[in-house]
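Chemist: Before I ask anything, let me first share the structure, which is written out below as structure tokens.
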Amino acid sequence: MTATDPSADLPAVRGLAIFIVENYADTRFLLRYLLERKGYAVQEASTLAEAVEALPAADADVVLSDMPDG
């Protein structure tokens, strides 16, 4: 069995900014790694509180989060 590149299906997009809200550091790292390889600008927060504070100043086109708001 050969390993495949998980980012292979992602389109290469320069200039699109993605904000990741993820409490697991290893998941944040992997998402950042895969997205940056394809040219996405990535910002991140590890908690909703951090995200709420950072998002107004962030230049994000998309927010990725699996965290509940309550």
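Chemist: Show the residue pairs that are 6+ apart or on different chains and have beta-carbon atoms under 9 Å apart, the first residue being within region 50-64 and within 11 Å of residue 17 (Cβ to Cβ), the second being polar (S, T, N, Q) and open to solvent by less than 90 Å² (accessible area, probe 1.4 Å).
Modeler: Once the first residue is within 11 Å of residue 17 (Cβ to Cβ) and sits in region 50-64, its partners that are polar (S, T, N, Q) and open to solvent by less than 90 Å² (accessible area, probe 1.4 Å) give 58/43; 59/43; 60/43.
Chemist: Related question: Here's a check for you: in region 18-43, which residue that is of a type in the set (Asp, Glu) and open to solvent by 60 Å² or more (accessible area, probe 1.4 Å) is farthest from residue 8 (Cα to Cα)?
Modeler: 26
Chemist: Determine if region 44-59 includes at least one residue that is buried (at least 16 other Cβ atoms within 10 Å of the Cβ) and closer than 23 Å to residue 8 by Cβ.
Modeler: yes
The values are calculated or read from the model by the stated rules, or taken from the named source; none is laboratory data. Because the structure is predicted, anything quoted here is derived from the model rather than measured. Please note: Cβ atoms are built from the backbone with ideal geometry, for glycine as well, and neighbour counts cover all protein chains shown. With ligands, DNA and RNA removed, areas are computed over all heavy atoms of the protein, side chains included. Shrake-Rupley method; radii C 1.70, N 1.55, O 1.52, S 1.80 Å.
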